[in-house]
1. Under the definition of Cα pairs under 8 Å and six or more residues apart, what whole-number percent is the relative contact order of region A:93-215?
2. If I take every Cα pair under 8 Å that is 6 or more residues apart in chain A, average their sequence separation and divide by the length, what percent do I get for the relative contact order?
3. Suppose only helical runs count, i.e. DSSP H with n ≥ 4. What mean residue ellipticity at 222 nm does that imply for chain A under -39500 (n - 2.57) per run, divided by all residues and rounded to the nearest 500 deg cm²/dmol?
4. In whole Hz, what ³J(HN,Hα) sequence does region B:137-145 give by Karplus (6.51, -1.76, 1.60; θ = phi - 60°), x for Gly and Pro?
5. Take the alpha carbon gyration tensor of region A:45-86, find the square roots of its eigenvalues, order them as a ≥ b ≥ c, and report rounded if a/c is under 1.5; if not, report prolate when a/b exceeds b/c, else oblate.
6. Within region A:65-173, which trypsin sites (Lys or Arg not before Pro) sit in a loop by DSSP and count at most 11 neighbouring Cβ atoms inside 10 Å?
7. Can you tell me which of A:301-313, A:51-63 comes out highest on packing, and rank the rest after it, using the mean Cβ neighbours within 10 Å?
8. Can you give the relative contact order of chain B as a percent, counting alpha carbon pairs under 8 Å and 6+ residues apart?
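The values are calculated or read from the model by the stated rules, or taken from the named source; none is laboratory data. Since we're looking at a predicted model, the values are computed, not measured. Here the Cβ positions follow ideal geometry from the backbone for every residue, glycine too, while neighbour counts run over all protein chains shown. Protein only, heavy atoms only, side chains kept; ligands, DNA and RNA dropped before computing areas. Shrake-Rupley method; radii C 1.70, N 1.55, O 1.52, S 1.80 Å.
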Amino acid sequence: MARPDGGLIQETNLQYYAGAQIIYTSVNLTRIYTFTFNTSLSLGSATSWNPGDPDFGLNNFRIYTSPNGISNWTEFITTFTLTVGSTGSVITLGVAQPLGTYVKVQLKADAVQNNYGGYEYIKLKDIINNFMVAYVGQDKLIPNVRRSDVIFHAKRGLQEFSYDTLKSIKAQELSVPPSLSIIIPQDYVNYVKMSWVDTLGIKHTIYPTQLTSSPSESPVQDQAGNLVQDNFAENVDGTSQTNTRWQGANTRLITGAWNQQDLNNGLLLDWWGENWGYNGYYGQRYGLDPVTTQTNGWFNIDEKQGTINFSSDLTGKLVMLEYISDGLAYDLDTRLPKMAEEAMYAHLNHAILSTRANTQEYIVRRYKQERYAKLRNTKIRLSNVKLDEIVQVMRNKSKWIKS
Amino acid sequence: MAINVDTVYKTVLLILNQQQRGYMTPDEFNKVGTQVQLNIFERYADDLNQQYRMPQNDTNYANRVKNIEDNLQFFQRTGATVYVGPHFTLTPTDIYRLGSVIFNGTELTQYSQRSEVTQLLLSPLTKPTNDFPVYLYEQDLLYLYPTTIQAGVTISYLKKPADIKWTYSIGTFGQFQYDENGAGAQGFELNVSEQTNVITRILAYAGVIINDPTIIQVASQEIAQDEQNSKM
């Protein structure tokens, strides 16, 4: 396998696959070792080298030493310091290592996993630096620009791309509690799909409902209908009756999927008003409304409470919430698929030139078109259409389409 | 290569003495030389700015931007900083103009005014981070944001040209003899390509000192023509 040799790959196979780097001590009594993972090493605190330190669990790595580099790895739990610089993560051990010692840093599982597939992406920081090098300077369309402006436009671009161009990669698997509501994820911007998962692990789409909505306020009223205020002169807010009723609703009354229990409860009557249904039941539904005639349940979003509420038939079900964020929530998110790199440069060019005074309009238009074309290209790339997969889907065409 | 101070002094003396116009003492030469060097040095930034706005060629020796940058490289330095309290003090004492502030060896920090920093800090998108820090430069002190940056800051700068000192010893006839190893000896730091320019400008000042309008006129014309040629 090729070793990093000046290309864009910066890690050895050991670093990438196993999350480990081993350095041989070639000078007696060495203390300083520089590790070059893509992931910066981090300590929970300055004293978290100590396994007894409360922040020890926040370290994203462990250090081991061995006399032969193969076995007898001993964890190094004596004091050490960490400095992260441009050359890598520099660890200064409190105890100097003798000649021939192998020092290994092993990333923890989370850190190793977060790095997997990282080559698919480019960091926003690199995008900004690349842009400053390639598009800004003497004899270029943008002779100078403040880097904070580029940062702003890049971050805004990443947000916009996240909303409608980039792949949605965030999903939470949750169980619907008896309260029928779950809290919206911290980095949630919009949902992509809500589904419940059956025993085979197959997803069934849960649709948002227009049948109900959660009120933003449910002020308490007195007998005369006037709103009641508290000691602080604020309206007293009560529990939403709409939410309560929706949570307690028998969804079969909406879907029409009656069962024996409904029959026993006298919800179904025949022409004679009797519930034994000799000749079938009548009057409950004329025709079917596809919006409501499904048994996957519904959800609605309570913007005020910041919760997602489910219909009562989903109690205890396993649900999958796929959603989009804006790409800026966490450091790990601030990266862009390489498929979208060119579109981001075009976005930056357009954003900067169109907001700059005295730029000729034809230049702005040129970059507007370029941005549009490259973004479209990115969408096509990221939609991941592969010929074999399309062919497989199209094989279905030999089947009859029943109406 | 920098200009040899002795060559300049002797050439100046030669021209001045040719028609018994006068003489320039080492002390006068040192002061005038320092002044001339500063004059030329301070012009570089403006010349560079002017040339940046003009189309350049891609030749080795006739690219004016490159030539001016060549002249400036003699004064380009890097230096350390020390964190004291909320700011960094600059270790070098000969700073003429601060260039870049570098964090962790590679990250270029952005210069900002205080009002701008306040705005940047207010915006969640542009708030300075370790990856994209900004700095204030006030009272010869650097203030870096985010304030968690407390080490690893270096600077690049243009140094101020040192004062010229043509050092000498007294010869057997009581004459001044150049002693390049004399105490405090300091030659010109300008590029050798500026030698003619330096001599002409010193002559112009010398004309003032010895009150000779001819020298002043000739030197001034020479300087003007030279400047015109270099900027056309």
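1. 9 percent
2. Details: 589 pairs, mean separation 69.9, N = 403.
Rounded, it is 17 percent for chain A.
3. Values: 9 runs with 98 residues, N = 403.
The helix contribution divided over chain A gives -7500 deg cm²/dmol.
4. For region B:137-145, the Karplus curve yields 10, 9, 6, 6, 10, 9, 10, 9, 10 Hz.
5. In terms of gyration-tensor shape, oblate.
6. Hits after loop and neighbour filter: A:K140.
7. Descending packing order for the listed peptides: A:301-313, A:51-63.
8. About 27 percent, as a whole number.
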